[in-house]
Amino acid sequence: MTRRASAARYARALLDVALAESDPQVIEEQLAAVTDVFRSHADLWSVVTNPAVPVTRKQAIVSALLPKLELNPILAKLLTMMVGRDRLALLPELLETYRSRLMDHQKVVRAQVTSAVPIPADRVKKLEASLGALTGRKVLMTTATDPSMMGGVVTRIGSTVYDGSVKRQLEKMRERLGSAR
């Protein structure tokens with residue numbers, strides 16, 4: 001089983017339990033904090049992810065950390081289970097997958113909008129509302145600029161791209177003129 005598939009199984013189980021017994025948003029915040037603690041301390045991360053280090057030693061480390069982290073019991077139990085199975089290396093993928101599943105449950109989608117020039121705040125709000133109507137979900141939008149686009153916008157929602165850039169429109173015209181010959 002791949003790392004991503006394993007992380008997805010843990011994320012699905014964690015979200016199911018969090019929805020039934022706790023606040024899934026709090027679990028997400030705590031999972032992010034725990035992942036950050038492990039990843040920001042290189043020595044700690046290398047010990048808990050090293051297959052040569054005995055699981056009992058990793059369990060002792062995590063057992064000593066858990067009371068200091070003051071985690072939700074659901075998350076503490078998951079970490080204890082993961083360290084017992086020597087799966088703490090999955091934490092970054094678990095966090096990413098859990099966030100994705102939580103957003104899907106909350107009917108939230110991320111959108112990336114790129115334009116040739118910065119978009120004014122009032123236009124960002126209107127665009128966010130339009131994308132919300134298009135997707136039927138709440139949209140969390142980020143913006144970026146790319147002067148090479150010449151004008152227009154490119155919007156990416158998940159794997160779907162809406163390319164309304166002047167650059168792309170010119171490319172389409174060039175293709176049509178080339179095929180008309």
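The values are calculated or read from the model by the stated rules, or taken from the named source; none is laboratory data. Here the structure is a predicted model, which means the values were calculated and not measured. Reconstructed Cβ throughout: ideal geometry from the backbone, glycine too, with neighbour counts over all protein chains shown.
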Problem set entry | the range 27-40 residues that are within 14 Å of LEU65 (Cα to Cα), paired with ones that are among the acidic types (Asp, Glu) and modelled with pLDDT under 95 (beta carbon under 9 Å, 6 or more apart) | GLN30/GLU70
For this session: Filter the range 161-175 down to residues that are closer than 16 Å to LEU127 by Cα and free of Cβ contacts under 8 Å to residues at least 24 places away in the same chain, then give me how many there are.
Result: 4
Exercise. Looking at (1) charged (D, E, K, R); (2) under 30 Å from ASP23 (Cβ atoms); (3) free of Cβ contacts under 8 Å to residues at least 24 places away in the same chain, which is the one condition that is false for GLU96?
Worked result: (3)
Problem set entry | Options VAL166, VAL124, VAL154, VAL117; residue that is buried (at least 18 other Cβ atoms within 10 Å of the Cβ) and outside the structural domain of THR56 (by TED's automatic domain parsing) | VAL154
For this session: Report, by residue number, each residue of the range 15-55 that is polar (S, T, N, Q) and either within 11 Å of LEU75 (Cα to Cα) or not in a helix (DSSP H, G or I) (or both).
Result: SER22, GLN30, ASN50
Problem set entry | Residue list for the range 33-53, restricted to those being farther than 17 Å from GLU93 by Cα and surrounded by fewer than 12 Cβ atoms within 10 Å (Cβ to Cβ) | ALA42, ASP43, PRO51, ALA52
